[in-house]
Amino acid sequence: MTLDFSTPAHYLLALLPEIVLSVWATVVLLAGVWRGGGATSAPRAGSGNLAVLAMVGVLAAAFANGWLYGLTPGQGSTMIAVDRFHLFANWIFLLAAMLALAISPAYVRRQRLQEGEFHALVLFATVGMMLMGGTRDLIVIFLALEVMSISAYVLSGFNRRDPKSAESGLKYFLLGAFSTGFLLYGIALVYGATGSTNLGLIALAIGSDAAVAGLLHVGIALLAIGFAFKVSAIPFHMWTPDVYEGAPSPVTAFMSASVKAAAFVAFARVFLVGFGGIPESWYAIGWWLAALTMVIANVIALAQTNVKRLLAYSSIAHAGYLLVAIVALNQNATAGLLFYLLVYTAMNIGAFAVILCVSGHGEERLGIHRYAGLGARHPALAVCLTIFLLSLAGFPGTGGFMGKIFILQGAAEAGLWTLSVIFVLTTVVSYYYYLRIAWYMWMREAAESDEPDPVTVPLTMRFAMGAAVAVVIGLGVFPGGGVGFARAGAEGLLTAGALLLGAAP
């Protein structure tokens, strides 16, 4: 079937995964109201049913996303991108939503949170992410960003009995609104310079020298700052450690992977398609953001003793690695970006799933010393966490290693030798703080004062950790399939710059 966007119904087909997930999120929300039971009611045995219902919605959206692979974009649309880049990005967001929903029921139940609202917000945030990856217009990107961000703000402060969660939500909201201001000003200036907010028309105006250079360069800088806030690049990372530490662990896991992935997907589409014709205007910004982020985040992470804060700075460091792929501006690097985002989603949410199991009812056991002896008490959990840590560090045989190799290949192709050296050296530095946790688990015994409270691993949590391990090991040992899809996605993005006014290249 060929999509013809002169027919309104075909817009609905192009956005079918987003529509399915939006409708399902509303169903989950209404189901939560119908079941009753608020924040003060006692937890019930069947309180994970809404999470399962939400996971069914994610599967339905995944089926719709797979169905879109059989469609031909046809005439094309100036607003909606039905390309392989969009579809691959959707797999990342749906995987993140599925894993986040799988690890959340036990936490939601024991903290007596509103289940329907919690799971519906996860789905609505995912809808915003999918829209961010599937549009060719800056205004729609902004609207999608707000759908995602507002849901994330609420989720960060969702545990209203916990002062840290409330503080986390407030900080995230204030700094998120601040960064959105930069993004909007950048959009306004780009519109003033080119006369359009459509990425194809912006590229056309730049290519024909019809853009006002001064306004355009300032607009690009402001857009870069706005996206740098969203991806937690240094020096725009200030909100990340506090928000990640204070937010509920399932929310931290979801945000650290999917919100970052959505921001990078939009970042790549805007800068590689809209501004790909003038890389000299933003190359230096991207280069320094990547270098500073890799160096400073890894150095600060060395001193962390709180596991959630350590993974927060780890997340910032990985943003630096991913920025290298954008600066490289070639198909190999873009494919590496997509592949790495997929692996990062699995390994990061998997690591937070183990932390959620170990941290206790009130998430009070977050110090690294609390992991002493975990390998003896709970070997399965320790093995899973070790795999995730090795992948985050980039050890051979894991998906994290292959993702870094692909990004480095793209950087080498672009001649980014200094940035590549920084990439490799900071990766070596990161081995210390990742392996330190593994050393505590396997080489140290728990102190007598650290009572080993019972650790329970619900069925959905086991599913999430097993799926994450399968992705990390599978893509590490057999990366060919994932790389093939990622290359198709990168090709779809980089050829999108030729899709002007809906005309095929």
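The values are calculated or read from the model by the stated rules, or taken from the named source; none is laboratory data. Keep in mind that what you see is a predicted model, and the values were worked out from it rather than measured. Cβ placement follows ideal geometry from the backbone for every residue including glycine, while neighbour counts extend to all protein chains displayed.
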Hey, Ala353 hits all of (1) touching a His at 6+ places or on another chain (Cβ under 8 Å); (2) modelled with pLDDT of 85 or more but one; which does it fall short on? (1)
Flag if Ala210 is part of a helix (DSSP H, G or I), at pLDDT below 90 and over 18 Å from the mean Cα position of the chain (by Cα): no
Please enumerate the residues belonging to region 377-432 that are within 25 Å of Val457 (Cβ to Cβ) and of a type in the set (Val, Ile, Thr). Val383, Thr386, Ile387, Thr398
Scanning region 271-285 for residues that are under 14 Å from Ala221 (Cβ atoms) and outside any helix (DSSP H, G or I) gives Phe275, Ile278, Trp282
For region 116-148, the count of residues that are without any contact (Cβ under 8 Å) to a residue 40 or more places away in the chain and of a type outside the set (A, V, I, L, M) equals 1
Can you tell which of Ala291, Ala319, Ala333 is under 15 Å from the mean Cα position of the chain (by Cα) and in a helix (DSSP H, G or I)? Ala319
All positions within region 295-316 that are out of contact with any Asp or Glu (no Cβ under 8 Å at 6 or more places or on another chain), in a helix (DSSP H, G or I) and surrounded by fewer than 22 Cβ atoms within 10 Å (Cβ to Cβ): Val295, Ile296, Val299, Ile300
So, of the residues in region 54-70 that are surrounded by fewer than 16 Cβ atoms within 10 Å (Cβ to Cβ) and over 30 Å from Val108 (Cβ atoms), which turns out to be modelled with the highest pLDDT? Trp67
Just the residues that are touching a residue at least 24 places away in the same chain (Cβ under 8 Å) and among the small types (Gly, Ala, Ser), please, taken from region 182-205. Gly186, Ala188, Gly192, Ala193, Gly200, Ala203
Go through (1) surrounded by 24 or more Cβ atoms within 10 Å (Cβ to Cβ); (2) small (Gly, Ala, Ser); (3) over 21 Å from Leu475 (Cα atoms) one by one and return the number of the condition Gly336 breaks. (3)
Can you find, within region 408-417, the residue that is surrounded by the fewest Cβ atoms within 10 Å (Cβ to Cβ) among those that are touching a residue at least 40 places away in the same chain (Cβ under 8 Å) and out of contact with any Ser or Thr (no Cβ under 9 Å at 6 or more places or on another chain)? Glu413
Would you pick out the residues in region 135-166 that are of a type in the set (Lys, Arg) and not in a helix (DSSP H, G or I)? Arg136, Arg160, Arg161
Might you check whether a residue that is more than 20 Å from the chain's Cα centre (by Cα), part of a helix (DSSP H, G or I), crowded, with 17+ Cβ neighbours inside 10 Å and of a type in the set (Gly, Ala, Ser) occurs anywhere in region 223-242? no
Which listed residue is under 19 Å from Leu143 (Cβ atoms), within 17 Å of the chain's Cα centre (by Cα) and of a type in the set (Val, Ile, Thr), from Val259, Val251: Val259
Could you check region 365-412 and list, in sequence order, the residues that are assigned to a loop (DSSP other than H, G, I, E, B), under 17 Å from Trp442 (Cβ atoms) and among the aliphatic types (A, V, I, L, M)? Ala372
